[in-house]
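The structure appears below as structure tokens.
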Amino acid sequence: MSATGFARSLIIAGAAFAALALPCAHAAAPTSDKARAAAVLANIRSAVSTIMTAENDATNGPARYKTAAHRAINLLVGNKDEAYDAAAGLPGDPAGAIGEVNTLLDRRASPPFVPMLHGVLVNLQSSVASLQDATNARGLGAYEVDVSQALQTLAMAEGRPGAHDVFGGMLGAMANTGLGVPSGAPVENGCAAPRAPGYGMSQGWLVWRAVKLGSTPIATGGAAMVRKEGSMLVLYTPVAAMVQHLCAAKATHHAASQAMIRPAAAPVAKAPAARLIRVSATSSDGAVSYTMAQATAGKAVYSAHCASCHGANLQGVAAPAIAGKDFLTTATKNGYSASILNTIVTQNMPFNDPGSLKPAEYADVMAYLMASNCFPAGKTAFPTDPGSDFGTVKLSTPLHPAGTPDKFGVCAVK
Amino acid sequence: MKSNRIKGGRGLVGGVAAAALVAGIAGVAHAGAISNTTPTPKDYANTAASNSTWILGAKNYDNNRYVDIGEITPDNVSKLKPVWTFQVSDNGPIEAAPVIWNGTAYITSAHDHVYAVDVKTGKLKWQFSDNPHVISFAANRGVTLLDGKAYLATLDGHLIALNATTGKKVFDKVEVSDTANSFYTMQPLPYTNPKTGKTVLLLGISNGDWGGIGTIQAINPTTGKVEWKYETIPGPGQKGNKSWSGDSWKRGGGAVWTMMALNPKTGMLYANAGNPQPDFNGPARKGANLYSDSLLAINISGAKPKMVWAHQFIPHDTHDWDPVMPPILFNGKVNGQEMPLVADGDKAGNFWLLNSQTGQVVNHLAVSMQYHLNLPPSLKGNVACPNTNGGVEYNGGSYDPKTNMIYLPSSNECGFWRSTKKVVYIAGQFYLGGAFPKFVGPNTGQFNAIDVNTGVFAWRDNSKLPMAGGALSTSTGVVFTGLENGDFNAYDATSGKKLWSYDTGSPIIAPPVAFTQGNTEYVAVASGQAGNQMLPTMPKTNKGTMLTMFALAK
């Protein structure tokens with residue numbers, strides 16, 4: 001695409017890509033995948049609005065709040081679950097959001113929406129747990145804490161159309177996969193350029209939606225890029241670049257003759273290059289920070305609590321290697337970030353006594369692992385309570401190791 | 001079965017002749033083609049009758065760890081002395097018995113190293129050092145000798161075939177579909193179908209706490225091709241699928257990772273399916289979660305495996321209390337009546353006796369301290385016993401047909417368990433929905449002798465540390481087991497009197513073996529690091545990882 005072409009295209013984020021037909025209350029059980037997805041979203045949004053309505057209501061007793069929490073739970077779990085509270089009534093469909101997600105997932109095949117829906121499921125289950133805490137909360141303050149947690153996870157379950165991984169949630173799934181295609185709508189090959197109005201699909205992904213110009217108003221929300229192509233407006237989904245990349249690779253591999261959506265000169269999104277763990281003074285933007293003093297302290301903690309299984313040289317005895325080439329190869333393959341590593345260490349380790357170290361000791365051990373993996377130290381300490389932005393950059397072998405790696409690829413910490 | 005107690009052992013000629021006599025044409029073909037380098041299918045079928053070999057992890061397809069010997073008796077066992085020790089260079093725990101064949105002991109270590117050692121001298125003949133990527137606990141439970149090769153199933157999902165004489169690699173193939181969460185620890189179990197004469201290697205995949213579902217594979221030993229696979233967790237439309245909420249079955253666990261028992265004549269396979277997952281978060285997988293924590297009897301003699309019966313020991317387990325003991329097949333007397341039986345044990349500290357034909361429970365006995373068995377882990381945490389390493393562990397025990405007793409080590413450990421609100425699958429990591437428990441209170445063990453006839457203990461011997469060293473019983477009435485303080489003990493099978501003890505200097509979590517070679521009867525056991533049995537109360541000194549070979553002082 002030329003520079004002017006890029007300028008002409010609109011970059012839009014925000015609301016859902018597909019126009020959403022929300023089912024009304026007490027709707028009959030949906031039958032198609034698309035209808036189920038819409039029902040999940042409707043149930044989530046109803047749960048949020050149920051809670052918010054109670055929040056915005058002037059009241060002088062806990063009953064109304066707690067009823068709202070119960071109603072929200074009902075919307076999420078449906079009327080078959082033991083968490084269902086008959087007294088609060090069933091405002092949504094009988095299966096509830098979780099039931100619908102389960103039905104969408106319960107198949108041997110793994111369509112591309114599966115990771116997104118797993119994210120939805122986890123967040124919905126977590127929301128229910130928080131809402132159950134809220135119904136048992138003593139005092140408004142405790143209720144607010146629990147409900148805030150629930151709203152946070154509900155927002156993650158609702159998701160965002162721009163993401164097509166576990167963080168995409170329902171909106172991501174509906175914007176980027178077949179779940180966003182209305183039943184009966186014309187479906188075309190998503191690897192090819194649009195020729196007629198309809199939906200371009202490839203391997204379960206939704207690549208584009210082509211709409212005839214000058215008809216009705218067109219909802220473009222959720223599209224990553226909108227372009228006028230001939231007499232049509234083409235809305236490219238956030239996943240389009242990645243899928244076209246796959247199309248191109250497949251076409252090269254099989255020497256397919258079908259027309260590609262773009263000529264070879266067109267900018268195809270590159271696979272994201274492995275990024276270094278960057279040291280940041282503020283530890284925002286997904287970067288990781290730790291100090292060498294922490295790493296040194298962490299070495300002693302490691303010797304006392306970790307070395308017996310993971311080895312003095314961090315290459316593993318009964319447990320796996322946790323530094324150097326062997327570890328970083330797997331970490332790259334499995335997409336580990338420092339944040340994921342921190343979760344594993346703080347939640348599951350030491351194996352025989354998880355959670356037994358002090359928060360500062362865990363941070364020191366994390367710093368020791370970062371240093372042993374040759375990531376450079378900085379001035380800001382590894383936090384004892386990392387926020388959601390901390391350490392989301394994926395781990396990979398440092399191109400410029402801080403220190404001299406030994407034969408295992410481990411940097412010594414003094 | 002005729003006794004194989006030939007003084008002087010089964011040399012090359014004896015082995016071929018015996019195989020030819022009983023095996024017929026197929027046996028001759030095998031024995032003739034590759035001499036006596038590795039056992040033939042007939043040798044595998046006759047493991048119970050041979051006292052000069054130890055080619056299956058728990059001695060034979062019945063897993064009884066019972067050996068017919070004559071020299072070592074309760075009267076002279078105190079004269080056992082180490083003949084040699086072989087120091088294992090690989091740094092890690094050994095959970096396996098050595099494989100003994102034709103004068104060679106094949107020792108496998110934690111990181112899939114194989115050491116072929118001369119039985120008489122302890123000298124290394126060859127060594128193969130694999131370097132697998134380790135997902136979790138490093139363990140290997142033995143090689144399988146067949147067709148001139150030693151088959152090794154590795155921690156990164158490979159099946160490697162080595163030349164059994166030289167240790168050189170013949171082939172190396174990835175056999176698992178998801179290398180992020182699947183690995184092998186099992187000794188491949190050879191099965192020759194008597195109807196077709198075709199041999200496959202049966203392997204269960206260890207993926208039960210890492211987000212996989214239980215799978216048994218049948219692999220062609222020549223090509224490495226997976227002939228069939230059997231999943232322990234039913235998918236949509238299959239019987240038992242409704243015992244899982246939503247699609248929780250997809251990462252439901254039920255891994256088959258410990259030794260299976262087999263009746264080679266009928267093709268009935270007895271496999272333990274492990275715990276459901278996420279291990280500690282029950283609400284994420286409501287229902288009974290079939291066939292996790294179950295013993296499955298599967299007929300594998302047809303083109304496709306078919307379940308005959310299944311018994312679930314713990315419906316909806318929330319403590320990682322799976323049955324891991326190698327199931328023991330035997331015919332024994334219960335209340336004076338002879339019955340076809342299968343013995344099993346789980347990490348909740350239960351010993352089970354089932355009818356091996358119907359799966360019905362014949363006896364159930366608690367062999368470890370149990371507390372709060374039905375209390376699921378909570379967000380704030382609570383105490384339940386045993387701990388996840390407690391109860392009956394992966395080496396199980398031994399059945400002695402003479403005493404009609406099961407000899408079974410077990411552990412008393414308590415844990416403080418916590419679950420989490422969120423549970424997310426991360427490739428290559430535990431899929432727990434909580435944390436492995438913290439230890440609470442003392443950790444001890446005992447060696448149990450269970451009288452099958454009465455269903456209760458004949459005797460017990462207490463230990464200050466947990467016990468996971470399996471057991472060995474002999475026709476002369478001696479029972480052996482290894483302790484986690486490094487002691488290797490011999491007991492009188494009937495009275496439980498301790499007859500002999502030898503300090504190997506390192507914790508023992510591997511089962512002992514006994515066999516005859518030449519004019520000598522040998523007993524061997526591996527010791528080394530304690531692995532995931534590690535406790536702060538263990539001896540501080542460790543003499544390293546080794547195999548010690550014992551014989552009577554002459």
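What follows draws every value from the coordinates through simple rules; no lab data is involved. Keep in mind that what you see is a predicted model, and the values were worked out from it rather than measured. Every residue, glycine among them, receives a Cβ derived from its backbone with ideal geometry; neighbour counts consider all protein chains shown.
For A:LYS66, list the lysines whose Cα falls under 27 Å from its own Cα; do not include residues on the same chain fewer than 8 positions away.
Output for A:LYS66: A:LYS80, B:LYS286, B:LYS380, B:LYS421, B:LYS422.
If the reach is capped at under 13 angstrom between alpha carbons, list the aspartates and glutamates near B:LYS497, excluding any in the same chain fewer than eight residues apart.
B:ASP75, B:ASP461
What list of ³J(HN,Hα) couplings, whole Hz, do you get for region B:514-531 from phi and the Karplus terms 6.51, -1.76, 1.60, once you set θ to phi - 60° and write x for glycine and proline?
With the stated coefficients, region B:514-531 comes to 9, 6, 10, 9, x, 9, 10, 9, 10, 10, 9, 8, 9, 9, x, 7, 8, x Hz.
Label A:SER356 and B:LYS286 with points 7 Å out from Cα along Cα→Cβ: what is the distance between them in nm?
It works out to 3.6 nm between the two label points.
Sort B:ASP172, B:ASP322 by Cβ crowding within 10 Å, fewest neighbours at the top.
The fewest-first ordering by Cβ neighbours comes to B:ASP172, B:ASP322.
Considering only Cα-Cα distances, which of the following residue pairs are longer than 19 Å: B:LYS123/B:LYS540; B:LYS265/B:LYS306; B:LYS125/B:LYS543?
As for pairs spanning more than 19 Å Cα to Cα, those are B:LYS123/B:LYS540; B:LYS125/B:LYS543.
Compute, for region A:273-414, the length of the dipole vector about the Cα centre, with Cβ point charges of +1 (Lys, Arg) and -1 (Asp, Glu) only. Units Debye, rounded to 20.
Magnitude of the dipole: close to 360 debye.
Order of B:ARG285, A:ARG107, A:ARG36 from fewest to most other C-beta atoms within 10 Å?
Fewest-to-most ranking of B:ARG285, A:ARG107, A:ARG36: A:ARG107, A:ARG36, B:ARG285.
Compute, for region B:306-376, the length of the dipole vector about the Cα centre, with Cβ point charges of +1 (Lys, Arg) and -1 (Asp, Glu) only. Units Debye, rounded to 20.
Dipole size: approximately 180 debye.
Find the relative contact order for chain B and round it to a whole percent, using C-alpha pairs within less than 8 Å whose residues are 6+ positions apart.
Taking the mean separation of contacting Cα pairs over the length of chain B, I get 14 percent.
Got a sec? Charge dipole of region B:390-468, +1 on Cβ for Lys and Arg, -1 for Asp and Glu; which of B:PRO442, B:VAL424, B:PHE457 is way out at the positive end?
B:VAL424
Count neighbours as other Cβ atoms within 10 Å of each site's Cβ, and list the trypsin sites (Lys or Arg not before Pro) in region A:170-243 that are DSSP loop with at most 15 such neighbours.
A:ARG195
Pop a pseudo-label 7 angstrom from the Cα along the beta-carbon direction at both B:LYS304 and A:HIS400 and give the gap in nm to one decimal.
Here the modelled spin labels are 5.9 nm apart.
What area, in nm² and to one decimal, does the C-alpha convex hull of region A:307-414 cast on average over all directions?
The directionally averaged projection comes out at 6.8 nm².
Which ³J(HN,Hα) values in Hz, rounded to whole numbers, follow from the phi angles of region B:435-445 under the Karplus curve 6.51 cos²θ - 1.76 cosθ + 1.60, where θ = phi - 60° and Gly and Pro get x?
My calculation for region B:435-445 gives 10, 4, x, 7, 6, 10, x, x, 10, 10, x Hz in order.
Quick check on region B:81-157: take the gyration tensor over C-alpha atoms, sort the square-rooted eigenvalues as a ≥ b ≥ c, and tell me if it's rounded (a/c under 1.5), prolate or oblate.
oblate
Going through region B:470-540, which trypsin sites (Lys or Arg not before Pro) have at most 10 other Cβ atoms within 10 Å and a DSSP loop state?
Loop-located and lightly packed - B:LYS540.
In debye, nearest 20, what is the charge dipole magnitude of region B:451-554 about its Cα centre with +1 on Lys and Arg Cβ and -1 on Asp and Glu Cβ, if you could check?
200 debye
Of the options A:THR50, A:GLY61, A:PRO112, report the single residue whose Cα projects farthest towards the positive end of the charge dipole of region A:45-134 (beta-carbon charges: Lys, Arg +1; Asp, Glu -1).
After comparing all options, I get A:PRO112.
How big is D, in µm² s⁻¹, for the protein assembly as shown by Stokes-Einstein at 37 °C and 0.692 mPa s if Rh is the Kirkwood radius over C-alpha pairs?
The diffusion coefficient I find is 108 µm²/s.
Kindly write out, for region A:145-157 in residue order, the coupling ³J(HN,Hα) from the Karplus curve 6.51 cos²θ - 1.76 cosθ + 1.60 (θ = phi - 60°), rounded to whole Hz, with x marking Gly and Pro.
Result, rounded to whole Hz: 4, 5, 5, 4, 4, 5, 5, 4, 6, 5, 4, 5, 5.
Using only Cα atoms, what Kirkwood radius does region A:33-176 have, in angstroms?
When all Cα pairs of region A:33-176 are included, the Kirkwood radius is 15.0 Å.
Check which residues have an amide H placed less than 5 Å from B:TYR151's amide H, if you skip close sequence neighbours.
B:THR144, B:LEU145, B:LEU146, B:LEU162
Skipping prolines and chain starts, which residues have an amide H placed within reach, meaning under 5 Å, of the one on B:THR215, given they are 5 or more residues away or on another chain?
Under 5 Å from the amide H of B:THR215: B:ILE205, B:THR232, B:VAL256.
Around B:LEU341, under 14 Å between beta carbons, what's the net of Lys plus Arg minus Asp minus Glu among the other residues?
-4
B:LYS120 to B:VAL174: FRET efficiency via 1/(1 + (r/R0)^6), r the Cβ-Cβ distance, R0 41 Å, to the nearest 0.05?
0.65
What relative contact order, as a whole-number percentage, does region B:389-482 give when Cα pairs under 8 Å and 6 or more residues apart are counted?
RCO, region B:389-482: 33 percent.
I'd like to know which of A:GLY316, B:THR474, B:MET339 lies farthest towards the positive end of the charge dipole of the protein assembly as shown, counting +1 on Cβ of Lys and Arg and -1 on Cβ of Asp and Glu.
Of A:GLY316, B:THR474, B:MET339, it is A:GLY316.
Going by C-beta contacts inside 10 Å, put B:THR388, B:THR258, B:THR223, A:THR397 in order with the fewest on the left.
Ascending number of Cβ neighbours within 10 Å: B:THR223, A:THR397, B:THR388, B:THR258.
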